[in-house]
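Novice: To start, I am sharing the structure in question, which I have written as structure tokens.
The values are calculated or read from the model by the stated rules, or taken from the named source; none is laboratory data. What you see is a predicted model, and the numbers here were worked out from it, not measured in a lab. Heads up, the Cβs are rebuilt from the backbone with ideal geometry, glycines too, and the neighbour counts pull from every protein chain shown. We work out accessible area using only protein heavy atoms, side chains counted, and drop any ligands, DNA or RNA first. Shrake-Rupley method; radii C 1.70, N 1.55, O 1.52, S 1.80 Å.
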Amino acid sequence: MRIAIIGGGASGMAAALAAPETVEVLLLERQARLGRKLLITGNGRCNLSNRNAGPRGYHGADPDFTASALRAFGPEETLKWFQSLGLFTVTEPSGRVYPYSDQANSVLDVLRFALDRPNIRVLTGAEVTSIERKGKSFRVMTGAGDFPCERVIVACGGAAGEKAGGCRLGYRLLASLGHRITPLSPALVQLKTDWSGVSALKGVRANCRAAVRRDGRNLSESEGELQFTQYGLSGPVIFEVSRDACSGPGTWTCRLDFLPRTEERDLFAALAARRGTKLPAEELLTGILHNRLGRVLTRAAGIPGNAPIASLDDGALRRVCRQVKGLTVPLTGKLGMDSAQVTAGGADTSQFDPETLESRLVPGLYACGEVLDIDGDCGGYNLQWAWSSGRLAGRCAGKGSL
């Protein structure tokens, strides 16, 4: 029996390695090499898993669809698997897992080495153009030739990160076989703003609690590192709250609390104690926040930078506290799919069996990874889904015969 796996990314490689060695596996990758997107994950460090990964960390029409795959091959099984492949890893207190080398290529290399098996044929530069159903079998058409097979696994990934290999091929192939594709949008992506203060803060990083709001109501909230950019807001905390931002009409804002573990009354007391100095107001938040951020927030409170701190009354200090604890930045949109780390939306999971990832419409057809309507939180969740779903699809596709 031959299994054709379309896509040589994380889920595709996992599927190939999970298939029984008695099965012929054809791994088709349209690019010149396997796993190109892996090399840019985690800023080149490859955040390959998260020990806290579970259905609550995923999104889509049915996040619980992930439960079976995660139960069969969760974070612990993933780390043991990578250890068996020769990869050393390190787990951060947050649960994020990285290769000990801090290099994404270490993850890709052990996978490539593992694929060197007699039953696995890797064909790069082979973009699939179509899949034809032939009775109980399939024919996969590519620019490098046509390949008959008994099983097909669509592991093409999503549309995010197009410059690094993201594409819409998987959606097109599954749609051609009768599958519904839910609306696609960028997730884990930077947010844009026209707030005037952002230009002075380009490159500044700060820990904060961020909340995306629509018409004054919180939609999503997270805590972590924020980075200001020339167009707006970036960093892990923004990725976490970006999924549903600017997704419809309304007034969209992001509320930032730069001291989430400090009560406003305690911050007020600390600032009031500084009235005994001869420093100007632009130094009011020195030692508390990044200097540039402190100056911008003081100005946002309507206080001239050259005003003496000693001259500031309680009202002025409270305005500064409100800016520190609740700066409201207007949002004008989010960056596009090419800047996103993952795609929200995809193949409708109700048309696949969560226990096997086999299509309910086309027997012998499987899908895994980002091509499905599943996207995870920032911090290793999406790669964990790739390993878990890829392993499940590969193992199940290799069982028995139709």
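Novice: Please work out which option in [x] 20.5; [y] 18.4; [z] 23.1 gives mean projected area of the Cα convex hull in nm² calculated from these coordinates, and answer with its label.
Specialist: This structure yields the entry labelled [x].
Novice: Over segment 220-363, average the accessible area per residue using a 1.4 Å probe and give it in Å², no decimals.
Specialist: On the way: 6260 Å² over 144 residues.
Counting only protein heavy atoms, the per-residue value for segment 220-363 is 43 Å².
Novice: Just order 369-377, 114-122, 180-188 by mean Cβ neighbour count inside 10 Å, highest at the front, would you?
Specialist: Working: 369-377: 28.0, 114-122: 14.6, 180-188: 19.2.
Ranking the peptides 369-377, 114-122, 180-188 by packing returns 369-377, 180-188, 114-122.
Novice: Given a Förster distance of 35 Å, report the FRET efficiency between Q83 and D146 from their Cβ-Cβ distance, rounded to the nearest 0.05. Could you put the intermediate results ahead of the total?
Specialist: Values: r = 39 Å, r/R0 = 1.11.
FRET efficiency, Q83 to D146: 0.35.
Novice: Here's something else I'd like to know. Once you put a point 7 Å from the Cα of E355 and another 7 Å from the Cα of T182, both along the Cβ direction, what distance in nm separates them?
Specialist: Distance between the two pseudo-spin positions: 2.3 nm.
Novice: Would you work out if segment 264-402 is rounded, prolate or oblate? Take a ≥ b ≥ c from the square roots of the eigenvalues of the alpha-carbon gyration tensor; rounded if a/c is under 1.5, else prolate when a/b is larger than b/c, oblate otherwise.
Specialist: Numbers: a/c = 5.07, a/b = 4.13, b/c = 1.23.
It comes out prolate by the Cα gyration axes.
Novice: Shifting gears a bit: Going by average Cβ neighbours within 10 Å, how do the peptides 246-255, 101-110 rank, with the highest at the top?
Specialist: On the way: 246-255: 15.6, 101-110: 18.5.
Sorting 246-255, 101-110 by mean packing, highest first, produces 101-110, 246-255.
Novice: May I ask which residue of A206, G248, T277 lies farthest towards the positive end of the charge dipole of segment 190-323, with charges of +1 (Lys, Arg) and -1 (Asp, Glu) on Cβ and the Cα centre as origin?
Specialist: After comparing all options, I get T277.
Novice: Separation of segment 21-45 and segment 229-302 by C-alpha centroid, Å?
Specialist: Their Cα centres are 41 Å away from one another.
Novice: Now, a different point. Mind scanning K202/K325; K163/K325; K37/K80; K192/K325 and naming the pairs with a C-alpha gap bigger than 28 Å? Numbers along the way, then the final one.
Specialist: On the way: K202/K325 20 Å; K163/K325 38 Å; K37/K80 23 Å; K192/K325 21 Å.
Checking Cα-Cα distances, K163/K325 exceed 28 Å.
Novice: Among I288, Q351, G305, whose Cα sits farthest toward the positive end of the charge dipole of segment 286-402 (+1 at Cβ of Lys/Arg, -1 at Cβ of Asp/Glu, about the Cα centre)?
Specialist: G305
Novice: Using the heavy atoms of the protein chains and a 1.4 angstrom probe, tell me the accessible area per residue for segment 6-119 in square angstrom.
Specialist: On the way: 5220 Å² over 114 residues.
For segment 6-119, the per-residue accessible area is 46 Å².
Novice: If you take the square roots of the eigenvalues of the alpha-carbon gyration tensor of segment 193-262 and sort them as a ≥ b ≥ c, do you get rounded (a/c under 1.5), prolate (a/b over b/c) or oblate?
Specialist: Values: a/c = 1.75, a/b = 1.21, b/c = 1.45.
Since a/c reaches 1.5 but b/c is at least a/b, the shape of segment 193-262 is classed as oblate.
Novice: Keeping the other protein chains in place, figure out the carbon and sulfur percent of the accessible area of the chain, with a 1.4 Å probe. Let's see the in-between values first.
Specialist: Numbers: 7940 of 16860 Å².
The value for the chain is 47 percent carbon and sulfur by accessible area.
Novice: Can you compute the charge dipole magnitude of segment 1-143 about its Cα centre, using +1 on each Lys and Arg Cβ and -1 on each Asp and Glu Cβ, nothing else charged? Give it in debye, rounded to the nearest 20. Write down the numbers at each step before the final one.
Specialist: Numbers: 18 positive and 13 negative charges, 69 e Å.
It comes to approximately 320 debye.
Novice: Another question, if that's okay. Using the crude model of +1 on Lys and Arg Cβ and -1 on Asp and Glu Cβ, and no other charge, please compute the dipole size for segment 93-170 relative to its Cα centre, in debye to 20. Before the final figure, lay out the partial values.
Specialist: Details: 11 positive and 8 negative charges, 66 e Å.
The dipole of segment 93-170 has a size of about 320 debye.
Novice: Classify segment 110-151 as rounded, prolate or oblate, taking a ≥ b ≥ c as the square roots of the eigenvalues of its Cα gyration tensor: rounded when a/c is under 1.5, otherwise prolate if a/b is larger than b/c and oblate if not. Write down the numbers at each step before the final one.
Specialist: Details: a/c = 3.26, a/b = 1.69, b/c = 1.93.
Oblate is the answer for segment 110-151, as a/c is 1.5 or above yet b/c matches or exceeds a/b.
Novice: Give me the net charge for the shell around G54: Cβ to Cβ below 13 angstrom, other residues only, Lys and Arg +1, Asp and Glu -1.
Specialist: Working: positive: R51, R56, R71; negative: D64, E76, D377.
That works out to 0.
Novice: Turning to a different aspect of this structure: Based on the mean of other Cβ atoms within 10 Å per residue, sort peptides 33-39, 9-15 so the most packed one is first. Working shown, then result.
Specialist: Numbers: 33-39: 19.6, 9-15: 29.9.
Result, highest mean Cβ count within 10 Å first: 9-15, 33-39.
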